[in-house]
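Chemist: Here's a structure for you.
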Amino acid sequence: MTWRRQLAYGLGLLVLVPAVIAAAVLPWREKYEVRSGKGGREVVASQGRAATLDGVEWRLKSITEGRLQEEFSRPLPPRTKIAVVVVSATPRDARASAWFARETGSCKIYAADGAGRVWERSFRTDLAPDSPHAVSCQVLDEDYTLAPVPVGKEHTIQAEYVVPADAFSDLRVEVRLSPDRATVRLAP
Amino acid sequence: MRRTLVAAAVAAALFAANVAVQRATPSPDQRYAPIASRGGTGHQVDTTTFQLRVDRVQPARTIRMTDPYGLVREPRSTPGIWVVVSATVAATTETFQAQGARLRTRAGLEYEASSVLDTLDKVTLQPGIPVYGPLLFEIPARDLAGAVLSVTRHADGAGGLDVLGPAVEVDLGLSDAYASRLLKEMPSSLTVGQVREL
C-alpha cells in the first residue's frame, strides 16, 4: 500500500468517525431539549431595554423586595427574601396580539441569578399586596374567555418568589415559552 | 504462508474485539437509567442539580404524622413495616422534586415512596433553600437488610421522571446484623415530624 493510499484511508477515517458519532448523538440533542425544556431560541435584554420575540415586546418593569402581608403568616425559610417581579409584554402586530389568546402552550416566568440558579414563582398569596397586574401571560375577558391583547397595549404580569437573601441583589428574569421552545432573558 | 497467518490472527483479534464490544454495550435499562452518584448515610451526595444527605433510617410498625400545626395524627399501619428515611435535600440550580424516591432491596425489588402526604418527596425545593424531612416506604420486614435509597428528580419538560438526568443512590448501611437489631428494637409507633426548610 502506497503512502498516498494510506493517507486517503486515514483521511477517510477522520471524516467517517466524527460523522458516525454525530449521526448517533445529534438525534438525542432534540430529545434532550424537549425532555428538559432547555434549548431553543433566546432573546436577551438588559438595563430596562425591551426584548422582542415573535412580535411581542418583553420588558422587565421592576424587581422589588416584598414582605409578608399577614401578621400570622407562615414564616419565610431562614435567610430568604421575597422578590416581587413585574414584567410587561406588548404585542406589536396582529399575530402577536392573538398569541395572548391561544389555548395551548405555556408562558412561565422564573427568577434567576448570575450563578445560574433559577426559581419558580411562589403560589403563596401572602407575599405581596393585591396588585393591578395579571398573574399570567393569558388574558381573560369579562366572560372569562381568552382574549387577545390589542396591538400596542402593555400587558403587565406580577410574580412573587422566595429566594436566598444572597441572590436578591443579582436577580434577573427568564420567561420560558412552550411549545415554541423560546426563552426571553431580562436583566434589570 | 506468513501473510495468511497474520491475516488469520488479525481476523481473530477483530472478532474477539467485536464480541467484547457487543458484550460491553449497555442494555436499554442501563442506557436509559439516570446517571447516579453514590454515597452512604451521613454523607452529602452531590449531583449537578441536587444534593442529598440521609441523616437517619428508622423502621416502625405504625407511624403518626405531625400536621403543620404540630398536632400528631392517628397511627397509620401497613401490612409490612414502615421505613422512615430522614434526609436533607437541596436543589442547586433549578427547582427540584424528589418524586422518584425508591427503596431498592437486595433482591432488586423497588418500592416507591408511600403516598402519605407532607413528606419530602411531595415538596418542591427551590435552589439554595435546603429542606429536611421524611421519606416513607412500606416494605416487607425481610427486605430491610441491604436496602438502598434511590432518588431521581422529577422532570420539568417531560411530565415524568428525568430518566436522562442525575440521580442519587445511598447505601443505607443496613447489614444483616444491623437490620436485624433495628427490627428487634423497632418501636410499635413512630412519630414522624414535618418537612421543614433549613
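The values are calculated or read from the model by the stated rules, or taken from the named source; none is laboratory data. Source: prediction; values computed, not measured. Quick reminder, even Gly has a Cβ in these numbers, built from the backbone with ideal geometry, and neighbours come from all protein chains shown.
Chemist: Give B:Pro68, B:Pro79 a once-over and let me know the one that is surrounded by fewer than 22 Cβ atoms within 10 Å (Cβ to Cβ), in a loop (DSSP other than H, G, I, E, B) and modelled with pLDDT of 90 or more.
Modeler: Just one listed residue meets the conditions, B:Pro79.
Chemist: Residues of the range A:119-148 being in a loop (DSSP other than H, G, I, E, B), more than 14 Å from chain B (Cβ to nearest Cβ) and within 19 Å of A:Ser178 (Cβ to Cβ), which ones?
Modeler: The answer is A:Val135, A:Ser136, A:Cys137, A:Gln138, A:Val139.
Chemist: If a residue must be in contact with a Ser or Thr (Cβ under 9 Å, 6 or more places away or on another chain) and on the phi < 0 side of the Ramachandran plot, how many such residues does the range B:111-120 contain?
Modeler: Result for the range B:111-120: 4.
Chemist: Would you be able to tell me the number of residues in the range B:89-113 that are away from every other protein chain (no Cβ under 13 Å) and not charged (D, E, K, R)?
Modeler: Qualifying residue count, the range B:89-113: 12.
Chemist: Could you grab me the full set of residues in the range A:99-118 that are among the basic types (Lys, Arg), assigned to a loop (DSSP other than H, G, I, E, B) and within 13 Å of chain B (Cβ to nearest Cβ)?
Modeler: A:Arg117
Chemist: Taking the criterion of being within 14 Å of chain B (Cβ to nearest Cβ) and charged (D, E, K, R), would at least one residue in the range A:66-78 satisfy it?
Modeler: Yes, some residue in the range A:66-78 is within 14 Å of chain B (Cβ to nearest Cβ) and charged (D, E, K, R).
Chemist: Got a number for residues in the range B:168-198 being surrounded by 14 or more Cβ atoms within 10 Å (Cβ to Cβ) and either touching a Cys at 6+ places or on another chain (Cβ under 6 Å) or charged (D, E, K, R) (or both)?
Modeler: Adding up the residues that qualify gives 3.
Chemist: Here's something else I'd like to know. So, in the range B:108-123, of the ones that are within 15 Å of the chain's Cα centre (by Cα) and among the hydrophobic types (A, V, I, L, M, F, W, C), which residue ends up surrounded by the fewest Cβ atoms within 10 Å (Cβ to Cβ)?
Modeler: B:Leu109
Chemist: Next question, about the same structure. Using the structure shown, decide if A:Ser73 is touching a residue at least 24 places away in the same chain (Cβ under 8 Å), out of contact with any Leu (no Cβ under 8 Å at 6 or more places or on another chain) and either outside any strand (DSSP E or B) or not assigned by TED's automatic domain parsing to the domain that holds A:Pro150 (or both).
Modeler: Against the criterion (touching a residue at least 24 places away in the same chain (Cβ under 8 Å), out of contact with any Leu (no Cβ under 8 Å at 6 or more places or on another chain) and either outside any strand (DSSP E or B) or not assigned by TED's automatic domain parsing to the domain that holds A:Pro150 (or both)), A:Ser73 qualifies.
Chemist: Would you confirm whether any residue within the range B:152-164 is in a strand (DSSP E or B), modelled with pLDDT of 90 or more, under 20 Å from the mean Cα position of the chain (by Cα) and β-branched (Val, Ile, Thr)?
Modeler: No; the residues of the range B:152-164 include none that is in a strand (DSSP E or B), modelled with pLDDT of 90 or more, under 20 Å from the mean Cα position of the chain (by Cα) and β-branched (Val, Ile, Thr).
Chemist: Whether any residue in the range B:181-196 is part of a strand (DSSP E or B) and closer than 30 Å to A:Ser178 by Cβ is what I want to check.
Modeler: No, the range B:181-196 contains no residue that is part of a strand (DSSP E or B) and closer than 30 Å to A:Ser178 by Cβ.
Chemist: State which residue pairs qualify: first residue at negative phi and inside the range B:61-73, second residue surrounded by 14 or more Cβ atoms within 10 Å (Cβ to Cβ) and acidic (Asp, Glu) in any location, beta carbons under 9 Å apart, and separation of 6 or more residues or different chains.
Modeler: Close Cβ pairs satisfying both conditions: B:Met65/B:Asp118; B:Thr66/B:Asp118; B:Asp67/B:Asp118; B:Pro68/B:Asp118.
Chemist: Regarding the range B:89-101, can at least one residue be identified that is among the polar types (S, T, N, Q), surrounded by 15 or more Cβ atoms within 10 Å (Cβ to Cβ) and assigned to a strand (DSSP E or B)?
Modeler: Scanning the range B:89-101, I find no residue that is among the polar types (S, T, N, Q), surrounded by 15 or more Cβ atoms within 10 Å (Cβ to Cβ) and assigned to a strand (DSSP E or B), so the answer is no.
Chemist: Which members of the range A:152-187 meet the condition of being surrounded by 15 or more Cβ atoms within 10 Å (Cβ to Cβ), in a loop (DSSP other than H, G, I, E, B) and of a type outside the set (Lys, Arg)?
Modeler: Passing the criteria: A:Leu171, A:Asp180, A:Ala187.
Chemist: Follow-up. Have a look at B:Pro166, B:Pro79, B:Pro127 and point out the one that is in contact with an Asp or Glu (Cβ under 8 Å, 6 or more places away or on another chain) and within 13 Å of chain A (Cβ to nearest Cβ).
Modeler: B:Pro127
Chemist: As an exercise: evaluate B:Leu149 against (1) within 14 Å of another protein chain (Cβ to nearest Cβ); (2) buried (at least 21 other Cβ atoms within 10 Å of the Cβ); (3) part of a strand (DSSP E or B) and give the number of the one condition it does not meet.
Modeler: Single failed check for B:Leu149: (1).
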